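For reference, the structure discussed in these notes is given below.
Every number in this text was worked out from the coordinates using simple rules, so none of it is lab data. All values derive from a computational prediction rather than experimental measurement. Backbone-built Cβ (ideal geometry, glycine too); neighbour counts: all protein chains shown.
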Amino acid sequence: MRIPIFHVDAFAERLFAGNPAAVCPLPRWLPDETLQSIATENALSETAFLVREEAEYAIRWMTPAVEVDLCGHATLASAHVLFEKLEPGRSRVAFRSKSGELVVSKEGNHLSMVFPRRPPERCPAPPGLLQGLKHSPREVLSAGKLLAVYGTEAEVRALDPDMAAIARLPADGVIVTAPGRDVDFVSRYFAPAAGIPEDPVTGSAHCLLVPYWSERLKKKQLRARQISRRGGELFCHDRGDAVGISGHAVIYLEGSIEVP
């Protein structure tokens, strides 16, 4: 069986930046073990699988190790492939996912996504977090993922986590964040238990980050930067009942894979 595959740099205006994702449109769902094997073979932080259901598409995401319930950059990448390659001229799609309906619209030269809003709540630092980050945050919050808040962008850039300790934490991953020097806030994201030591740009992390910084800065429109090695820019909107996340995407590779 031959499956199309697209390699897309998401949250980037140029190649070799942002977060790379694989997008695989399927005629029907394949066995879960086959999908996981494809994602493992791709060795990117996420592979998105799409199946058309009437006028819309169902979407699933897999890291090299596990399936996840929500992924921002691979959703952005999937919409870009849909609008540019699968259905040129289309400008809106409502993906059906394990996290509900995810709407992506083409607005000028960027894509805008509507994602769940997940305000984090303050909590004690779980055992192992300080060992994993090696530098105490000013506060810790949680909403599935842990959110560690620092005072400066320089502190976030300097972190060199113990990934084994981070992987043992009872959380989906760890977001670290601080005010930005020339943006509203910066962040990094670590999820070694899911096979992603550091994710280059993480849309789902902004489901927590946007309500936190919107409340702290008293702003609804926010500009964010994920300061991984590749880096990425996100334009965010706290909509009250949801989070708006916008960015660009660029196709790096188009081809096909052979599956038994």
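If only the Cβ of Lys and Arg carry +1 and only the Cβ of Asp and Glu carry -1, the dipole of segment 121-231 around its Cα centre is close to 320 debye.
Given Cα pairs under 8 Å that are at least 6 residues apart, what percent is the relative contact order of the chain?
After rounding, I find 23 percent.
With the alpha-carbon atoms of segment 103-246 aligned to their principal axes, the span from lowest to highest coordinate is 44, 28, 27 Å, starting with the largest. For segment 71-78, 3J(HN,Hα) computed residue by residue from phi via the Karplus equation (6.51, -1.76, 1.60; θ = phi - 60°) reads 8, x, 5, 6, 6, 4, 4, 5 Hz, glycine and proline entered as x. In segment 189-260, Cα pairs under 8 Å separated by at least six residues give a relative contact order of 23 percent. Round to a whole angstrom and tell me the spacing of the C-alpha centers of segment 224-260 and segment 87-130. The two parts, judged by their Cα centres, are 10 Å apart. Residues 188, 138 in ascending order of nearby Cβ atoms (within 10 Å, fewest first): 138, 188.
For the chain, what log10 I(q)/I(0) values come out of the Debye formula at q = 0.11, 0.12, 0.17 1/Å, with one point per alpha carbon and no solvent? Rounded to two decimals, the profile gives -0.56, -0.66, -1.32. Residue pairs exceeding 30 angstrom between C-alpha atoms, taken from 106/134; 145/220; 106/220: 106/134. Fraction of C-alpha pairs exceeding 22 angstrom in segment 35-160: 53 percent, rounded to a whole number.
Counting beta carbons within 10 Å around each of 218, 145 and listing the fewest first gives the order 218, 145.
Applying the Karplus relation 6.51 cos²θ - 1.76 cosθ + 1.60 with θ = phi - 60° to segment 216-229 yields 3J(HN,Hα) values of 5, 8, 6, 9, 9, 9, 9, 10, 10, 9, 8, 9, 6, 4 Hz, where x marks Gly and Pro. Of 25, 91, 39, which is farthest along the charge dipole of the chain in the positive direction, counting Lys and Arg as +1 and Asp and Glu as -1 at C-beta? Farthest towards the positive end: 91. In the chain, the DSSP-assigned H stretches of four residues or longer account for a calculated mean residue ellipticity at 222 nm of -5000 deg cm²/dmol, using -39500 (n - 2.57) per stretch and the full residue count as denominator.
FRET efficiency for the residue 131 to residue 183 pair, using the beta carbon distance and R₀ = 45 Å, is estimated at 0.90. For the chain, the dipole from Cβ point charges (+1 on Lys and Arg, -1 on Asp and Glu) about the Cα centre works out to 640 debye, to the nearest 20. With neighbour counts taken as other beta-carbon atoms within 10 Å, the residues 16, 11, 235 rank, fewest first, as 16, 235, 11.
Summing Lys and Arg as +1 and Asp and Glu as -1 over all other residues whose Cβ lies under 11 Å from the Cβ of residue 133 gives a net charge of -1. Computed 3J(HN,Hα) for segment 55-60, one whole-Hz value per residue from the Karplus formula 6.51 cos²θ - 1.76 cosθ + 1.60 where θ = phi - 60°, is 8, 10, 9, 8, 9, 9, glycine and proline marked x.
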